[in-house]
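Accompanying notes for the structure given below.
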Amino acid sequence: MSQWESTRAGRHLAGRKAKNTAPEVALRRAIHAAGGRFRLHRRIQTGCTPDFVLPRGRLAVFVDGCFWHGCPAHGRTTPWTGPNAALWEQKMQRNAERDMRSTRLAIEAGWHVTRVWECAIRENPAGVAEALLYLRTRVAFEEPDTPRLHQLNLDPREPRATATAGPASADR
Ligand SMILES: [Zn+2]
């Protein structure tokens with residue numbers, strides 16, 4: 001089995017995903033300030049513990065770190081280099097698979113799911129909180145029995161073309 005070689009770049013990244021990261025805390029504060037109720041780290045299914053859930057609307061929320069989860073703006077876009085390149089590649093691949101799996105498990109358990117990039121929270125925690133609460137209310141009323149993955153509309157006050165004509169338009 002191959003081993004990680006110690007590198008300067010790698011050392012501080014070796015840890016597992018931390019709970020209660022700064023963006024998570026900022027988002028929770030903003031949700032609380034907006035009157036939203038949530039529950040932290042609730043295991044809703046074996047192998048599936050969202051960062052928090054909004055019980056009303058049965059909405060499970062995962063906060064994804066830009067680096068580990070490969071955000072389009074801040075994730076790595078060039079191939080890995082250096083002695084641990086293959087291991088990094090595998091690790092990121094496993095992260096992506098784990099994300100898809102946890103999303104699927106949550107949906108199978110009857111939860112709506114949304115995944116939020118850490119950078120979106122850093123930019124505007126109140127806006128993300130508002131979008132989440134809007135989504136929660138909408139699914140509670142409109143689709144309580146059809147759990148699925150949702151893209152977060154980060155500007156809920158701007159009504160965009162509502163997707164009455166089939167699946168979400170390719171606007172994101
Ligand atoms: Zn990002």
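FYI, it's all coordinate maths here, none of it is from the lab. The shown structure was predicted, so the numbers you read here are calculated from the model rather than taken from an experiment. Cβ sites come from the backbone with ideal geometry, for glycine too, and all protein chains shown count toward neighbours.
Note down the nm distance, to one decimal, between modelled labels 7 Å out along Cα→Cβ at Arg98 and at Ala86.
Placing both labels 7 Å along Cα→Cβ, they lie 2.2 nm apart.
Multiply the residue gap between Leu149 and Asn20 by 0.36 nm, knock off their C-alpha separation, and tell me the result in nm, one decimal place.
44.2 nm
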